[in-house]
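Novice: Pasting in a structure now, in structure tokens, and then I'll have a few things to ask.
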Amino acid sequence: MVGALERVYEVAPAFRAEPHDTSRHVSQYLSLDAELGFIRDHQDVMLVVREVVAGMVAEMSLVNAPGVEIPAVPESIPQIHFRDALVMLGVPEDEPDLAPEHERALGEWALAGYDSAWLFVTGYPMTKRPFYTHPQPSDPRWSHSFDLLCLGLEITTGGQRLHLYQEYMAAIAAREMNPEPFVGYLEAFRTGMPPHGGFAIGLERMIKQIVGAGNVREVMLFPRDMHRLAP
């Protein structure tokens with residue numbers, strides 16, 4: 001829909017089809033999604049994410065919640081490239097993702113160095129991101145993607161998407177995927193799509209971090225997980 005509407009927003013339940021039993025995962029959560037057309041790269045998307053989060057935090061600050069300190073959103077959220085984060089953390093350079101303890105360490109680094117509870121981690125490896133993610137032109141091992149951490153926990157994932165039909169076909173072939181299931185999806189790209197990108201905010205995770213809850217289930221009315229699917 002971005003090709004016609006330029007900006008598309010959605011608030012809807014999202015579902016996880018993978019095993020998990022942690023303090024940060026549930027089977028169903030509320031996702032705040034946005035896709036933005038006519039961007040230069042993922043940095044444009046990050047600017048919008050910053051405005052969205054700042055607006056949400058400003059509204060939350062109007063609520064009198066004893067014992068809850070809403071973390072301020074700086075005018076410019078600090079960022080670090082995934083490659084540099086691995087070096088700083090002393091993690092092997094072939095590590096494809098950040099573990100929870102890595103995110104916590106980065107959160108502490110942002111607080112100590114920038115006085116910011118918020119941190120963008122950019123440039124995740126292409127091997128870890130979906131095939132439709134736009135690679136970093138200067139080094140295609142990395143992607144034009146990002147995560148936003150709040151107090152050391154990832155609450156938002158986003159990035160720039162591919163928009164050229166031939167790039168999609170090349171990405172599908174490189175991963176040895178069957179193109180047939182994507183025929184309908186790719187039709188929009190065959191006829192032309194603008195450079196675009198987007199993000200998704202996990203609402204419950206964000207609330208968990210802001211109120212200091214130990215488990216995401218504590219901020220959900222009817223949490224669904226591996227052991228409970230019905231209210």
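Novice: Run the helix sum for the chain: -39,500 (n - 2.57) per DSSP H stretch of 4+ residues, divided by residue count, reported at 222 nm to the nearest 500 deg cm²/dmol.
Specialist: -9500 deg cm²/dmol
Novice: Please state the relative contact order of region 74-231 as a whole percent: Cα pairs under 8 Å, 6+ residues apart? Write down the numbers at each step before the final one.
Specialist: On the way: 238 pairs, mean separation 26.7, N = 158.
It rounds to 17 percent for region 74-231.
Novice: Now, a different point. Restricting everything to alpha-carbon atoms, can you work out Rg to Rh for the chain with a Kirkwood hydrodynamic radius?
Specialist: 0.97
Novice: Rounded to the nearest 0.05, what FRET efficiency do residue 108 and residue 20 have when you use their Cβ-Cβ distance and R0 = 25 Å?
Specialist: Values: r = 25 Å, r/R0 = 0.99.
So the FRET efficiency works out to roughly 0.50.
Novice: Another question, then. Please identify the GluC sites (Glu not before Pro) of region 58-120 that satisfy two criteria: DSSP loop assignment and at most 11 other Cβ atoms within 10 Å. Which are they?
Specialist: Here the sparse-neighbourhood loop sites are 69, 75, 93.
Novice: Still on this model: Residue 191 to residue 84: FRET efficiency via 1/(1 + (r/R0)^6), r the Cβ-Cβ distance, R0 35 Å, to the nearest 0.05? Please report the intermediate quantities before stating the final value.
Specialist: Values: r = 39 Å, r/R0 = 1.12.
Approximately 0.35, to the nearest 0.05.
Novice: Now a separate question. What are the GluC sites (Glu not before Pro) within region 119-224 that DSSP puts in a loop, where the Cβ has at most 15 other Cβ atoms within 10 Å?
Specialist: For GluC sites (Glu not before Pro) across region 119-224 that sit outside H, G, I, E and B with at most 15 neighbouring Cβ atoms in 10 Å, the list reads 176.
Throughout, read-outs are computed from the coordinates displayed, never taken from laboratory work. Owing to the predicted nature of the structure, the values given are computational and were not obtained by experimental measurement. Here Cβ is always computed from backbone atoms with ideal geometry, including for glycine, and neighbour counts include all displayed protein chains.
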